[in-house]
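Visitor: Can you read through this structure? Questions will come right after.
The values are calculated or read from the model by the stated rules, or taken from the named source; none is laboratory data. Please read these numbers as outputs of a predicted model, since none were measured by experiment. Neighbour counts are summed over all protein chains in view; Cβ atoms, including those assigned to glycine, are modelled from backbone coordinates with ideal geometry. Surface areas here come from the heavy atoms of the whole protein model, side chains and all, with no ligands, DNA or RNA. Shrake-Rupley method; radii C 1.70, N 1.55, O 1.52, S 1.80 Å.
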Amino acid sequence: MEQALADIKSRVPDFAGYADESTRRLADEQIRAIVGEALALLHFNHEEFFNTPEVTEVYDRLILRCEFTNQRVFKEFEYETLSEERKTAIARADEALIDTALRAENVTADQLPGYLDDLEKAFDNRDAALTGTLPTGQQ
C-alpha cells in the first residue's frame, strides 16, 4: 500500500487516506475531484470531441460519478475495519483511477470513446475495491 499511497500523495499532497470514517470520506471526495477536474478540462479544451449522443451520455454518467459519493458502494467501506490487504487494493484502485483520469490531457477525438470506457472501468474497479469484491489477483 505504501507505494500506491506515495504515488497518490505525489499528486494530492494532502490526501486523507483510509484510517477512519472522516479520512475515508475526504479521500473519496479528493479522488472524485481529481477525476472530475480532468473530465471538465477535457470537455472545456475539446468541446468538439463531444459530438455524438453516445459520447455525451458516457461523459455525463462519469461526471455524475465524480459529483456524488456512491452511497451503495461507500456504505460497504466507510465504517469497516480494513485489513492492510484491503487498504492496499483500494489505494491501487485509486491510483489507477487517477492515472486514467490524468491521461485526459492527451486524448484525441478518436481516442475519446476508448478513454471514457477506460475511465468507467477504473471507477468500477475502485467500487469493487471499496466493497471488497475486487477479483482475486487484482487486489
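Visitor: So the check is Cβ under 6 Å with 6+ separation or different chains; which pairs have a first residue in the range 61-82 that's hydroxyl-bearing (Ser, Thr, Tyr) and a second one that's surrounded by 17 or more Cβ atoms within 10 Å (Cβ to Cβ) and assigned to a helix (DSSP H, G or I)?
Guide: That search, which allows pairs on different chains as well, returns Thr69/Asp28.
Visitor: Under 6 Å between Cβ atoms, at least 6 apart or on separate chains: pull out the pairs that start in the range 96-120 with a residue that is over 21 Å from Ile31 (Cα atoms) and end on any residue that is open to solvent by less than 60 Å² (accessible area, probe 1.4 Å) and outside any helix (DSSP H, G or I).
Guide: none
Visitor: Could I ask something else about it? Please determine whether any residue of the range 76-86 is open to solvent by 40 Å² or more (accessible area, probe 1.4 Å), on the phi < 0 side of the Ramachandran plot and basic (Lys, Arg).
Guide: No, there is no match, as no residue in the range 76-86 is open to solvent by 40 Å² or more (accessible area, probe 1.4 Å), on the phi < 0 side of the Ramachandran plot and basic (Lys, Arg).
Visitor: Looking at Thr108, Thr100, which one is among the hydroxyl-bearing types (Ser, Thr, Tyr) and outside any helix (DSSP H, G or I)?
Guide: Working: Thr100 fails: outside any helix (DSSP H, G or I).
Only one candidate passes the filter, namely Thr108.
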